[in-house]
1. When PHE248, PHE49 are ordered from fewest to most other Cβ atoms inside 10 Å of their Cβ, what list results?
2. Report P(r) for the stretch 34-148: all Cα-Cα distances, bin width 5 Å, range 0 to the bin holding the largest distance, values in whole percent.
3. For the stretch 98-146, which trypsin sites (Lys or Arg not before Pro) are both in a DSSP coil and crowded by at most 11 other Cβ atoms within 10 Å?
4. Taking the Cα centre of the stretch 163-249 as origin, sum charge times position over the Cβ atoms of Lys and Arg (+1) and Asp and Glu (-1), and report the length of that vector in debye to the nearest 20.
5. Considering only DSSP states other than H, G, I, E and B, which trypsin sites (Lys or Arg not before Pro) in the stretch 282-376 qualify as loop sites with at most 10 other Cβ atoms within 10 Å?
6. With charges set only on the Cβ (+1 for Lys and Arg, -1 for Asp and Glu), what does the dipole of the stretch 277-427 come to about its Cα centre, in debye to the nearest 20?
7. Fewest to most neighbouring Cβ within 10 Å: what's the order for TYR295, TYR335?
8. Arrange the following residues from fewest to most other Cβ atoms within 10 Å of their Cβ: ASP165, ASP379.
Amino acid sequence: MGTMGEVSADYRDSEEDQWMEQQSSARLFERSRIKVLADEREKVQKKTFTKWVNSHLQRVGARVNDLYHDLKEGRKLILLLEILSGEKLPKPSKGRMRIHMLENVDKALTFLKQQRVHLENIGAHDIVDGNNKITLGLIWTIILRFQIQDITIEGETKEKRSAKDALLLWCQSKTVGYRNVTVSNFTTSWRDGLAFNALIHRHRPDLIEYEKLTKSEPEKNLNLAFEVAETQLEIPQLLEAEDVNVDFPDEKSVITYVAAYYHYFAKMKTVEVSGSRIGKVIERIKENHELIIEYEKLATDLLEWIQITIVKLSGRNFANTLVGVQQQMLEFNQYRTQEKPPRFVEKGNLEVQLFILTSKLRANHQKMYTPPENKALSDINKAWEALERAEHERELALREELMRQERLEMLAAKFDRKASIITSSLKSALKIISGGSLDTMTE
C-alpha cells in the first residue's frame, strides 16, 4: 500500500509539474504575442506619424526620414509646431551637441505647455535619447492638439464631447445608410475599406462607384480609397492597406488618417459656403446694378416727356375759332385725365425704387448710389413743378382764349342779327318805294 501511495503522489506531482509548465508556456506565448502586437502597432504608428509629420513639413521643403532620429535635435520639432500653430517659436540653437538638442526640444515642449497641452511623462531627454514610445507619444499629443482637438459636430449642443467621440459621430453621420458600413470604432470598423470609400462617396460621389464595392475585397477597397483620396483630394496617404486589413488596426493611426478626411471635407464645405456667400453677394450687386439701370432709364424717359410736354403746354398757337379752341380745351383735358396720371405713377415708382436701392445698399454695407447730374429726385421734382406751372398757365390761357372766342362769337351773332334786321328793313323799304313809283306812273 505504501508503495502505491508513493507512486500516486509522484503521478500527481508530475501532472502538476506538467500543468505548471503548460501554464508557463501559455503565459510566455501570450507575452510574446502581446510584444509582437505591440511591436507591430509601434511600427505602424511610426510609419503613419512620419507621413503625417512630413505632410506638414513639406510646406516649407523639409522632411524627416527617421522619426526617432530626426526629431531628437529639436529644430524640425520647432519647425513643425510653427507650421501647425502659425506662431513663431524661440529661435533654435544651431549647435549639434546634446546640450543644444536638449535646449531646442525644451523650447518645443515649453511652447506646448503654453498651449495647455498636457505632457505626461515626456521630457526633453526622452526625445533627445530617441526613446521610441515617448517620441510616438509626443507626436500623438501634437496630433490631438492641432488636428483632432478642435473637431466639432454641426448642430451639437454645448455639452462637452471629446474630440475622438466627435470624430466618431461625424463618421457615423456621414456613412449612415451605406451598405455593409457600421462605424463603431477606429479599429475593426475600417478593416474592409468600405467606410473610407463611403466617406469619399458621401462628399464626392463622382469619384467612387460605391455600389460596385464588396466586403470580400478589403485590400482592393482600401487601396481604392487611399489612391482616390491622395490623387483627387490631396489627402496624404498615411496608411497602407496591409496596416489596416489586420485583426486589430492601430487606433491612433486610423484616427490620424480619418481626421485628415474630416478637415478636408470641412474645408470643402467652408469653401462651398464661402462660394455660396460670394455668389449671393455678387447676385445682390447684380440686382442693385439692375435697379440703378432701371432707375436711370425711367428717370431719363420721364424727364424727356416732361420737357416735351412743357414745350407743348407753353405754345399759344390757339385756333381762331370757338370750335377750334373748344377742341384744344378738350385735348388739354384728355392730357390731364389720360396722359398725365400714368406719368405721375412713374414718378412715384422712381421714388420707391430709389428708396429700395438705398436700403439694399445700406443693408449690404455698399457704397451709396448717387444719381447722375439732373436725374436726382430733386431734379425730377423741380421738373414736375415746372410742368405743373406750364399746365396751369396753359389752362388759364385756354380759358381766356375760349372766353374771347365766345365773346367774338356773341358779337358776331349780334352783328348778324342786326344785319338781318337792317337787311329786312331795307328790303321792305325798297319794296314800298318800288310799289309807289308804279302807282304814280299808272295815274
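1. Details: PHE248 11, PHE49 23.
Result, fewest neighbours first: PHE248, PHE49.
2. Values per bin, smallest distances first: 2, 12, 23, 26, 22, 10, 4, 1, 0.
3. Answer by residue number: ARG116.
4. With Lys and Arg at +1 and Asp and Glu at -1, about 440 debye.
5. Numbers: sites: ARG284, LYS286, LYS297, LYS312, ARG316, ARG336, ARG343, LYS347, LYS360, ARG362, LYS367, LYS375; in loops: ARG316, LYS367, LYS375.
Answer by residue number: ARG316, LYS367.
6. On the way: 25 positive and 23 negative charges, 37 e Å.
The dipole of the stretch 277-427 has a size of about 180 debye.
7. TYR335, TYR295
8. Values: ASP165 12, ASP379 15.
Fewest to most other Cβ atoms nearby, the residues stand as ASP165, ASP379.
No value in this document is a laboratory result; all are computed from the given coordinates. Because the structure is a prediction, the values reported are computed rather than measured. Positions of Cβ are backbone-derived with ideal geometry, glycine not excepted, and every protein chain shown enters the neighbour counts.
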